[in-house]
Amino acid sequence: MAKYDEQFKLETIRQYLSGRYSYQEVAQRQGIEKSMVRRWVAAYQLHGVAAVSKRYVRYSAQFKLHVLERIAREGLSDRQAVAIYNLRNSGVLSQWRGQYNEGGVGALTPKRQSKAAMPHKNPPAPLPKDMTIEQLREELAYLRAENDYLKKLDALIQADRTKALTKKRKSSKG
């Protein structure tokens, strides 16, 4: 999903609130989905500029449960709940529902994320100390050429597979 800065969101909201353009027209002018314009405007009307100046928020299990219970109790749509609670998107509500249905309130508890860096799958090989800069450059050029060759080979194989599938589909229809 693309991320849009605060100025872009505010400009989009202002265009709609000017009354000159519909959601669809603003969306087309800005090159985004109509639902996104509608969501930003609704959140802005409830929360002001804070609605578009988002940062990552970790919600407590109690908050998540409160939101889900209010949706059920008041028959709110996910879109309405997103606007009321100034949530990033309705996808989080589906995620929370799934977690709650799987494991109850305990499953809504935010997971602690380690701040340690992800380990490399293949750690880089140490540089050979007995090679000159020129030899290293030659090896790098060779490895780049080899990599390009393998990519081209893979593209040709994929093209052959696609061609074979196309022929197979045409012969099965005819």
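The values are calculated or read from the model by the stated rules, or taken from the named source; none is laboratory data. On a predicted model such as this, the values are computed, not experimentally measured, just so you know. Here the Cβ positions follow ideal geometry from the backbone for every residue, glycine too, while neighbour counts run over all protein chains shown.
Please specify each residue of the stretch 63-81 satisfying the condition of being in a helix (DSSP H, G or I) and under 18 Å from residue 38 (Cα atoms).
78, 79, 80, 81
Among (1) in a helix (DSSP H, G or I); (2) free of Cβ contacts under 8 Å to residues at least 12 places away in the same chain; (3) of a type in the set (Ser, Thr, Tyr), where does residue 16 come up short?
Of the numbered conditions (1) in a helix (DSSP H, G or I); (2) free of Cβ contacts under 8 Å to residues at least 12 places away in the same chain; (3) of a type in the set (Ser, Thr, Tyr), the odd one out for residue 16 is (2).
If we keep just the residues of the stretch 8-63 that are under 29 Å from residue 109 (Cα atoms) and of a type in the set (Lys, Arg), which is modelled with the highest pLDDT?
Among them, the one singled out is 39.
Show the residue pairs that are 6+ apart or on different chains and have beta-carbon atoms under 9 Å apart, the first residue being within the stretch 33-52 and under 15 Å from residue 3 (Cβ atoms), the second being in a loop (DSSP other than H, G, I, E, B) and among the hydroxyl-bearing types (Ser, Thr, Tyr).
36/4; 39/90; 40/4; 52/4
Anything in the stretch 1-10 that is free of Cβ contacts under 8 Å to residues at least 24 places away in the same chain, loosely packed, with under 14 Cβ neighbours inside 10 Å and assigned to a helix (DSSP H, G or I)? List them, or say none.
Residue satisfying the conditions is 7 alone.
Give 74, 102 a once-over and let me know the one that is out of contact with any helix residue (DSSP H, G or I) (no Cβ under 8 Å at 6 or more places or on another chain), of a type in the set (Asp, Glu) and at pLDDT below 90.
102
Can you find, within the stretch 37-62, the residue that is farthest from residue 19 (Cα to Cα) among those that are outside any helix (DSSP H, G or I) and among the hydrophobic types (A, V, I, L, M, F, W, C)?
Among those residues, the one meeting the criterion is 57.
Pick out the one residue from 84, 32 that is part of a loop (DSSP other than H, G, I, E, B) and buried (at least 17 other Cβ atoms within 10 Å of the Cβ).
Among 84, 32, only 32 is part of a loop (DSSP other than H, G, I, E, B) and buried (at least 17 other Cβ atoms within 10 Å of the Cβ).
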